[in-house]
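Engineer: One structure follows; several queries about it will come next.
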There are 4 protein chains.
Amino acid sequence: MMTKPAPVSAGEFDQIFAKVCNWGRWGPDDEKGTLNYITPECVRAAAGLVRSGRSVSMAVPINKVAGPDNPRPAVHYMVQGYDVGSGHSQYCGDFLATEFHGDCHTHIDALCHIAYKGKLYNGKPVTEVTSRGPLIMDITAYAHGIVGRGVLLDVPRLRAVKWLEPGEAVTPEELEAAERAQGVRLREGDIFVFRTGHHRRRLELGPWNNTYQGEGKAGIHSTVMPWLHERRVAAFFPDGDGETVPGNVEGVAHPVHALQIAAMGMACSDSLQFEELVQVCEQEQRWEFMVAAAPLRLPRGTGSLFNPIAIF
Amino acid sequence: MMTKPAPVSAGEFDQIFAKVCNWGRWGPDDEKGTLNYITPECVRAAAGLVRSGRSVSMAVPINKVAGPDNPRPAVHYMVQGYDVGSGHSQYCGDFLATEFHGDCHTHIDALCHIAYKGKLYNGKPVTEVTSRGPLIMDITAYAHGIVGRGVLLDVPRLRAVKWLEPGEAVTPEELEAAERAQGVRLREGDIFVFRTGHHRRRLELGPWNNTYQGEGKAGIHSTVMPWLHERRVAAFFPDGDGETVPGNVEGVAHPVHALQIAAMGMACSDSLQFEELVQVCEQEQRWEFMVAAAPLRLPRGTGSLFNPIAIF
Amino acid sequence: MMTKPAPVSAGEFDQIFAKVCNWGRWGPDDEKGTLNYITPECVRAAAGLVRSGRSVSMAVPINKVAGPDNPRPAVHYMVQGYDVGSGHSQYCGDFLATEFHGDCHTHIDALCHIAYKGKLYNGKPVTEVTSRGPLIMDITAYAHGIVGRGVLLDVPRLRAVKWLEPGEAVTPEELEAAERAQGVRLREGDIFVFRTGHHRRRLELGPWNNTYQGEGKAGIHSTVMPWLHERRVAAFFPDGDGETVPGNVEGVAHPVHALQIAAMGMACSDSLQFEELVQVCEQEQRWEFMVAAAPLRLPRGTGSLFNPIAIF
Amino acid sequence: MMTKPAPVSAGEFDQIFAKVCNWGRWGPDDEKGTLNYITPECVRAAAGLVRSGRSVSMAVPINKVAGPDNPRPAVHYMVQGYDVGSGHSQYCGDFLATEFHGDCHTHIDALCHIAYKGKLYNGKPVTEVTSRGPLIMDITAYAHGIVGRGVLLDVPRLRAVKWLEPGEAVTPEELEAAERAQGVRLREGDIFVFRTGHHRRRLELGPWNNTYQGEGKAGIHSTVMPWLHERRVAAFFPDGDGETVPGNVEGVAHPVHALQIAAMGMACSDSLQFEELVQVCEQEQRWEFMVAAAPLRLPRGTGSLFNPIAIF
């Protein structure tokens, strides 16, 4: 199970792309993509999972310190503090500035975020994204939040390791083994919470350069996408960003993103952490929970910082 | 009911402050304040309200245009777009910068945000807030989100007007009348969603300067705070920011904030909008719903932009 | 002299463009444009003008307040202040963020800043400017500063008015009249300091919307460009930005910029102020002086804030 | 000459402080400090040095890449680019955000930037610097620029090394040796351009952590300050920031800054580079030149990025 899966050629990749492609499935101007799988029944069922009332953040604290995985750290300053003699009723305030898609900032991607061969999801041309921002498929498509059943598949738990090492790619077979081990099954309209232990590794070993030019990261193999497609998964919440780096697809820089976002229109987030989540899952011995997550309501955003929570 | 309530003197204000003061109630180092009222049972009950599965944002879209209520507009630029010839698999990204506590940005305050007579909630000194940010009671105290039952009290609906005019203050009596009219009752651990129609007015008449130096805004009267204290309300989600401006408390710039945050330790947000929410409430003929809201997980944040959602 | 000059048709504009075009004049990869006119002799002569030793800023203070001519105000916060008990040797610091090309920020344009019909100066294609910044002709072309003789032509002085009104266009004839009135003559390698009284009007009447959608501004007429071309002027330092708005060229949004930057390769700055300068000129009864000006050394900058000074 | 000078005790430091203290020298509300030494004659003489007309930047290019000496890199994005079909006359623009006082950004300090034992220059209390910026002695005190004679003392040249190593402190004796070797003499009203080769080292060996927690840097010894005081030097333009790190003053974090800024009121800049300058100096065999430098005109700035130029 832990052997490195075979590389995927450019031609095979295009076949996978065609197989999982949801272009036109929900109309030519659809901007919700796989969130369309979440029915009222899904939401009701998710709410039905709430028992202990605990809620758990799946976000990494915003990182203001430059490092190998944080080349453009968040900028955070006080706007006004409490000055001597500034009166009875006082307030303080602050200012935050960030690039969203950094490899260490918990965020969600808009569907405009990724193009493959000049096309966005639903076959829209990249010229719909101007230098002043996207004209279509920005993050406001998710403004009313993503609410549903989250299912955590914890691969390090299955493997009995603390984390997966950079370059390791998880296959459908291994995900099914994790389902069996945890007694859960990803089904239509679910939010797939995917744990490689990326953040645990970071906490214990310190940050590393997880880009193509660096040491890489663990992720999912391209063959997982047809499996997610068949399962009709609604959203993808990984630690890391889902990509296996170094990749195993010839000539495609971000194969997971290209398939999930450009082909499938999947609601994808990046760089979550599940260290608090796994503790609660183990305590309650269940790996399904209600998820509520909402990006900032940012017109023309190509994504957004967010703080998704799991409710037990 | 619509007459302007009597002004409150500085002495009376201090009496109200003492009456609603929760300092020490949950221990000397508590940072959760009134969120302590939300029990597991509250969360379960809130989840039990989920029926139609609809979710609705209560956030105003992030405003990048300067105006009378937006002197420091959000700064939003593309980091990278889709350039000619930039390869098969491409991505675009952006950058967002904002001051949080602007009068038109939907946000939540940290408990360190307000001081009264040099003291923060729980009697902590303002020197705990340094020029590099607060050392205590920052917004990460709410990192795991605010989940519970939201109850909307829609004052314009009660009055059969589109919105309250600037300077109008809502009293406990009027809130009770709204409860009766809507068939709901705010109780321990609830999230009080308070509508004056501020955003509706803005949509129809355009933005106005709603500060003390300008035309003001509608809010709650200081006498509401003992009522909220008795009801053990957990959180306050208003359009506007709760303050009545011009105020009716002598010598205190932000009496509502001072009482709610500094005295009570209440989880307070600012500048929400309920235009989509009221439509769903009317359609479903109910004014209670599950709320899920989480600030960005920002160490040393005095608050955070957020996108709270109501789930029906 | 004050009558509005005749409009210029699109065809006439293209004729002017061809007439003043410096493409290739200093080689196909030149990035200095008209600064090539400044010879060592020019700099020596400029230094020879220094007598009283006074220096005067020609910059407007950086504007942090939103207004009709400042929709995206500069963002300026303290990074660190002096906190109680922070030790013997302390420091404070700050943070500044701005969009450069705002209509009220004194700045200089890089030659990549303007394109006409898809071409930059020297005929380079606009694709040389990517979403991550210009690959050629960025502001570092001026890194070693602009030093030379400045000649102020003060049109309000000539007309005996406080300022020109929005929409008024200055012609070559009027500039020559100003030269005669002041006893100076713009010659090869000079820095043309052009005063319409824009900032004086702003100080007295308050800011106004000086864009096409607003009330406009005074500037130079398109026929001035052949005159500047013949005079071999090296740089243009106006209050306002040189454009007459509403314009008098059919179908071209920024005719002055298009001619000066895209055709001529002229070093152009925007939104200076000369209120302190004119006082010194009147006191010393001379309208020529040494100029020293340097943009920030910003790789890939399309321009830069700067603070040009006149030395007497 | 290259032996490490003896450490300075806290008591000795206070004696030096008292000796060089200029408080009150130019009036109780003076904000120009040692720039008062620059007389009209100084400026005229500086202009008289202009012969070849060459100008040379002394700024390091703005650094947007995080590194050991750049923990908070400059933030630089395009505001608008050239989009397909965006019309005949187009423009592009950008956005820059920086913290000023970073160890790798060429900048100038305002006199409010440093306090010693709770006092700013002229004995003003640190409470004059509020959380919204300084109320006195901000960078606008230098708005009209710093113009005068620059004298480069090139210590690596004297020592026949490429650069000084971190921790090496230059003494008055060594500066006088450099004067003799170069045939110049620092005199009243001069701008002291001080080269340790800091930037040359960075270019050849790459960036390093030059803070107290890191590997340190070369600078001037505290005993240089009385020498500068006697020479009546007007301004200090070093590569590095002048400090020797690790320092040799007991208990004072930034002794050079404390003496120069808080005691003397000296116009101090940080982190310049002289790699182009030394080439011109060697070619022209002279180490004196005209300097023109102007900070951005930033109200309440504690400093400013700038691009000082030397004119030959």
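Per-residue answers, yes or no, for (1) at pLDDT 95 or above; (2) touching a His at 6+ places or on another chain (Cβ under 8 Å):
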residue	(1), (2)
A:SER9	no, no
A:GLY27	yes, no
A:ASP30	yes, no
A:PRO40	yes, no
A:ARG44	yes, no
A:ALA47	yes, no
A:VAL50	yes, no
A:VAL56	yes, yes
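Engineer: From D:LEU272, D:LEU298, grab the single residue that is in contact with a strand residue (DSSP E or B) (Cβ under 6 Å, 6 or more places away or on another chain), closer than 30 Å to C:CYS42 by Cβ and assigned to a loop (DSSP other than H, G, I, E, B).
Structural biologist: D:LEU272
Engineer: Take the residues of region B:101-119 that are more than 7 Å from chain A (Cβ to nearest Cβ) and over 16 Å from A:ASP94 (Cα atoms): which is least open to solvent (accessible area, probe 1.4 Å)?
Structural biologist: Looking at residues that are more than 7 Å from chain A (Cβ to nearest Cβ) and over 16 Å from A:ASP94 (Cα atoms), I get B:GLY118.
Engineer: From the set of residues in region B:207-217 that are without any contact (Cβ under 8 Å) to a residue 60 or more places away in the chain and not aromatic (Phe, Trp, Tyr), which is surrounded by the most Cβ atoms within 10 Å (Cβ to Cβ)?
Structural biologist: B:LYS217
Engineer: Tell me, which strands (runs of 3 or more DSSP E) lie completely within region D:101-190 with 1 or more residues that are more than 22 Å from C:SER55 (Cβ to Cβ)?
Structural biologist: Fully inside region D:101-190 and qualifying: D:114-116, D:146-154.
Engineer: Would you check which residues across region D:171-197 are surrounded by 21 or more Cβ atoms within 10 Å (Cβ to Cβ), under 18 Å from D:THR244 (Cα atoms) and without any contact (Cβ under 8 Å) to a residue 60 or more places away in the chain and list them?
Structural biologist: Residues satisfying the conditions are D:LEU175, D:PHE192, D:PHE194, D:THR196, D:GLY197.
Engineer: Filter region B:120-137 down to the residues that are closer than 14 Å to B:GLY33 by Cβ and either surrounded by fewer than 21 Cβ atoms within 10 Å (Cβ to Cβ) or in contact with a strand residue (DSSP E or B) (Cβ under 7 Å, 6 or more places away or on another chain) (or both) and list them by number.
Structural biologist: Selection gives B:GLY123, B:ILE136.
Engineer: Please indicate, with yes or no, whether at least one residue in region D:84-100 is free of Cβ contacts under 8 Å to residues at least 60 places away in the same chain, more than 7 Å from chain C (Cβ to nearest Cβ), open to solvent by less than 30 Å² (accessible area, probe 1.4 Å) and in contact with a strand residue (DSSP E or B) (Cβ under 7 Å, 6 or more places away or on another chain).
Structural biologist: Looking for residues that are free of Cβ contacts under 8 Å to residues at least 60 places away in the same chain, more than 7 Å from chain C (Cβ to nearest Cβ), open to solvent by less than 30 Å² (accessible area, probe 1.4 Å) and in contact with a strand residue (DSSP E or B) (Cβ under 7 Å, 6 or more places away or on another chain), one finds none in region D:84-100, hence no.
Engineer: How about region C:138-162: which of its residues are of a type outside the set (A, V, I, L, M) and either modelled with pLDDT under 95 or buried (at least 23 other Cβ atoms within 10 Å of the Cβ) (or both)?
Structural biologist: C:ASP138, C:TYR142, C:GLY145, C:GLY148, C:ARG149, C:GLY150
Engineer: What number of residues within region B:205-255 satisfy the criterion of being in contact with a Cys (Cβ under 9 Å, 6 or more places away or on another chain), assigned to a loop (DSSP other than H, G, I, E, B) and aliphatic (A, V, I, L, M)?
Structural biologist: 1
Engineer: If you go through region C:250-288 one residue at a time, how many are at pLDDT below 95 and over 23 Å from C:GLY197 (Cβ atoms)?
Structural biologist: 4
Engineer: Do you know which residues across region D:223-254 are closer than 19 Å to D:GLY303 by Cβ and open to solvent by less than 10 Å² (accessible area, probe 1.4 Å)?
Structural biologist: Result: D:ALA234, D:ALA235, D:PHE236, D:PHE237, D:PRO238, D:ASP239, D:GLY240, D:GLY242, D:GLU243.
Engineer: Given the options B:GLU282, B:GLU275, name the one that is in contact (Cβ under 8 Å) with a residue 40 or more places away in the chain, open to solvent by 10 Å² or more (accessible area, probe 1.4 Å) and either away from chain A (no Cβ under 11 Å) or of a type in the set (Ser, Thr, Tyr) (or both).
Structural biologist: Result of the check over B:GLU282, B:GLU275: B:GLU275.
Engineer: Filter region D:50-81 for residues that are within 8 Å of chain C (Cβ to nearest Cβ), in a loop (DSSP other than H, G, I, E, B) and over 20 Å from the mean Cα position of the chain (by Cα) and give the result.
Structural biologist: D:VAL50, D:ARG51, D:SER52, D:GLY53, D:ARG54, D:LYS64, D:GLY81 - these are the residues of region D:50-81 that are within 8 Å of chain C (Cβ to nearest Cβ), in a loop (DSSP other than H, G, I, E, B) and over 20 Å from the mean Cα position of the chain (by Cα).
Engineer: Still on this structure: For region C:39-57, check the following and say yes or no: at least one residue is free of Cβ contacts under 8 Å to residues at least 40 places away in the same chain and touching a strand residue (DSSP E or B) at 6+ places or on another chain (Cβ under 9 Å).
Structural biologist: Yes, because at least one residue in region C:39-57 is free of Cβ contacts under 8 Å to residues at least 40 places away in the same chain and touching a strand residue (DSSP E or B) at 6+ places or on another chain (Cβ under 9 Å).
Engineer: I would also like to ask the following. Conditions: (1) modelled with pLDDT under 95; (2) touching a Gly at 6+ places or on another chain (Cβ under 8 Å); (3) away from every other protein chain (no Cβ under 11 Å). C:PHE237 meets all but one. Number of the miss?
Structural biologist: Failing condition for C:PHE237: (1).
Engineer: Oh, and also: So B:ALA45 fits all but one of (1) closer than 30 Å to B:VAL184 by Cα; (2) assigned to a loop (DSSP other than H, G, I, E, B); what number is the exception?
Structural biologist: The single condition B:ALA45 does not satisfy is (2).
Engineer: Still on this model: Which pairs do you get when a residue that is within 18 Å of B:PRO238 (Cβ to Cβ) and more than 7 Å from every other protein chain (Cβ to nearest Cβ), found in region B:286-311, comes within reach of a residue that is open to solvent by 10 Å² or more (accessible area, probe 1.4 Å) and among the β-branched types (Val, Ile, Thr), reach meaning Cβ atoms under 6 angstrom, with the pair 6+ apart or on two chains?
Structural biologist: Pairs found: B:TRP287/B:VAL184; B:GLU288/B:VAL184.
Engineer: Between A:LYS4, A:LYS19, which is modelled with pLDDT of 95 or more and among the basic types (Lys, Arg)?
Structural biologist: From the options A:LYS4, A:LYS19, the qualifying one is A:LYS19.
Engineer: Now a separate question. Take region B:22-49 and flag every residue that is within 9 Å of chain A (Cβ to nearest Cβ) and open to solvent by 60 Å² or more (accessible area, probe 1.4 Å).
Structural biologist: Of everything in region B:22-49, those that are within 9 Å of chain A (Cβ to nearest Cβ) and open to solvent by 60 Å² or more (accessible area, probe 1.4 Å) turn out to be B:PRO40, B:GLU41, B:ARG44.
The values are calculated or read from the model by the stated rules, or taken from the named source; none is laboratory data. Note that the coordinates shown come from a computational prediction; the quantities given were computed from them, not determined experimentally. Glycine gets a Cβ as well: all are built from the backbone with ideal geometry, and neighbour counts include every protein chain shown. Accessible surface is based on the protein model in full, side chains and every heavy atom, while ligands, DNA and RNA are left aside. Shrake-Rupley method; radii C 1.70, N 1.55, O 1.52, S 1.80 Å.
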